[in-house]
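S.K.: Structure incoming, see below.
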Amino acid sequence: MLSNGHPHAAWAHCSFGLLCLLQVFFKEANVKQIDVPTLTGAFGILPAHVPTLQVLRPGVVTVFNDDGSSTKYFVSSGSVTVNADSSVQLLAEEAVPLDSLDLAAAKANLEKAQSELGGISDEAARAGVLISIEANEAIVKALE
Amino acid sequence: MFARTSAAVFLPQCGQVRNMATLKDITIRLKSIKNIQKITKSMKMVAAAKYSRAERSLKPARVYGTGTMALYEKAEIKAPEDKNKHLIIGVSSDRGLCGAIHSSVAKAMKREIAKLSGAGKEVMIVNVGDKLRGLLYRTHGKHILINCKEVGRKPPTFMDASVIATELLDSGYEFDQGSIVFNRFRSVISYKTDEKPLFSLDTVASSENMGIYDDIDADVLRNYQEFALVNIIYFGLKESTTSEQSARMTAMDNASKNASEMIDKLTMTFNRTRQAVITKELIEIISGAAAL
């Protein structure tokens, strides 16, 4: 980690941490690029990315390793921090590898949530169903 | 604690001073202590099982917690000294018989309150756990903002942490900075009362190093802060549960050992008393026979 006296160092890697509540997927791993879905849009984080804080929204996180392979994870929500020293912390409430999700179950959940939406008037419950719809839509889109 | 409880149950007399306790008294006492030993042994087993589960889930939670704090450390966010409203979250639980867990958190909180009140700042506290409320409400009742019950029965989840955070944010207390006091787990036999800082939205937004973080609007920052608050509370809860279970295991283990000691001593006394009774009867018979 370089001190603040070297603002434009050439970084080859991001030191990446992908943490969810129950599991640590990556911890201080050196990766080339990470694609994250945030509330303001999806963007890719490369080494020497401008420091930023973002809030995640349900979607797919793609991690491009050093050797060129990529792994995908589905995250429910959380936050991502890019620091000045090119370390990235992705704190997700829940994160699962993409291939452990079932497309049929996701589609069924999505239809159920959409039909529930019509019958609810309470604000808080409506928000809950909308969140469920958004998450299921994202899962379906990711798996197709 | 165990010694005091047993003294309340039994006759408060120590061995040497006792006047010729009858065999009946000693038998009753022996039976009670044996029961208590069984109870403390089983409590130790339960605590050991809960402890191993808690420790296993602590590992990812720890990485998660340090990941959350990483931003604040890397950006070197420090609260300005002149801010007046403070918040202290004390994390403990509802159940006792776990050694000095609750009293150490309460002591740390009392020290902080005294220091901050002495400097003229306003302090409010959040008690997570009924035991803390019991320890603090008499002397620091007017500082208590929120009390949380039903803590410690089941392993803590992210939902619990978010409920606490929601209550705190809804309470309307606009704190400028705060800290969370909890028992950090070090090993099976040791824990340490630790304090982690909490920063309010304004402090983070106006900190000088935040300027280097690009593309942040107030909404995103607020979401981020709330999420970070829940994360820190979750981290504190996890560490605290693990420390509590290990402390309870140790306490119950000591209690069982003490009970075994008492049983040994009492069995000795019982046998000696029994032999004394027999000897007395023999003497009576013999002196009676000699008198004839």
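All of the numbers you see were taken from the coordinates with simple rules; none came from a lab. These numbers were taken from a predicted model, which means no experiment stands behind them. Ideal geometry is used to build each Cβ from the backbone, glycine not excepted, and the neighbour counts take in all protein chains shown.
S.K.: Between their Cα atoms, which of B:Lys192/B:Lys265; B:Lys121/B:Lys196; B:Lys41/B:Lys154; B:Lys131/B:Lys238; B:Lys74/B:Lys149 are more than 25 Å away from each other?
M.R.: B:Lys192/B:Lys265; B:Lys74/B:Lys149
S.K.: Using alpha carbons only, how many angstrom separate the centre of the range B:213-252 from the centre of the range A:30-104?
M.R.: 21 Å
S.K.: A further question on this structure: Would you compute, from DSSP H runs of 4+ residues alone, the mean residue ellipticity of chain A at 222 nm, taking -39500 (n - 2.57) per run and dividing by the full residue count, rounded to the nearest 500?
M.R.: -8500 deg cm²/dmol
S.K.: From Cα pairs below 8 angstrom and at least 6 apart in sequence, can you work out the relative contact order of the range B:43-249, rounded to a whole percent?
M.R.: RCO, the range B:43-249: 33 percent.
S.K.: Also, quick follow-up: Can you give the mean number of other chain Cβ atoms that lie within 10 Å of the Cβ atoms in peptide A:17-25?
M.R.: Neighbouring Cβ atoms belonging to other protein chains average 5 per residue here.
S.K.: Principal axis extents for the protein assembly as shown, Cα atoms only, whole Å, descending order, please.
M.R.: On the principal axes, the protein assembly as shown reaches 113, 58, 51 Å in Cα extent.
S.K.: Now, a different point. For B:Asp202 and B:Lys115, FRET efficiency with R0 = 22 Å and r from the beta-carbon atoms, rounded to 0.05?
M.R.: Step by step, r from the Cβ atoms, then E = 0.45.
S.K.: Let me ask something additional. In nm, give the distance between the simple-model label positions of A:Glu111 and B:Glu281, each being 7 Å from the Cα along the Cα-to-Cβ direction.
M.R.: If labels sit at A:Glu111 and B:Glu281, their model points lie 8.7 nm apart.
S.K.: May I pose another question? Quick check: pseudo-label points 7 Å beyond the Cα along Cα→Cβ at B:Lys142 and A:Val140, how many nm apart are they?
M.R.: So the label points at B:Lys142 and A:Val140 sit 5.9 nm apart.
S.K.: What does the average come to when, for each residue of peptide B:221-232, you count the partner chain Cβ atoms lying within 10 Å of its Cβ?
M.R.: 3
S.K.: Additional query: For peptide A:77-85, how many partner chain Cβ atoms fall within 10 Å of a residue's Cβ, on average?
M.R.: For this peptide, the per-residue mean of nearby foreign Cβ atoms is 5.
S.K.: For a quick protection proxy, order the peptides B:275-284, A:44-53, B:101-110 by their average other-Cβ count within 10 Å, most packed first.
M.R.: B:101-110, A:44-53, B:275-284
S.K.: Quickly work out the A:Ala104-to-B:Met45 label distance, labels modelled 7 Å from Cα along the C-beta direction, and quote it in nm with one decimal.
M.R.: 4.4 nm
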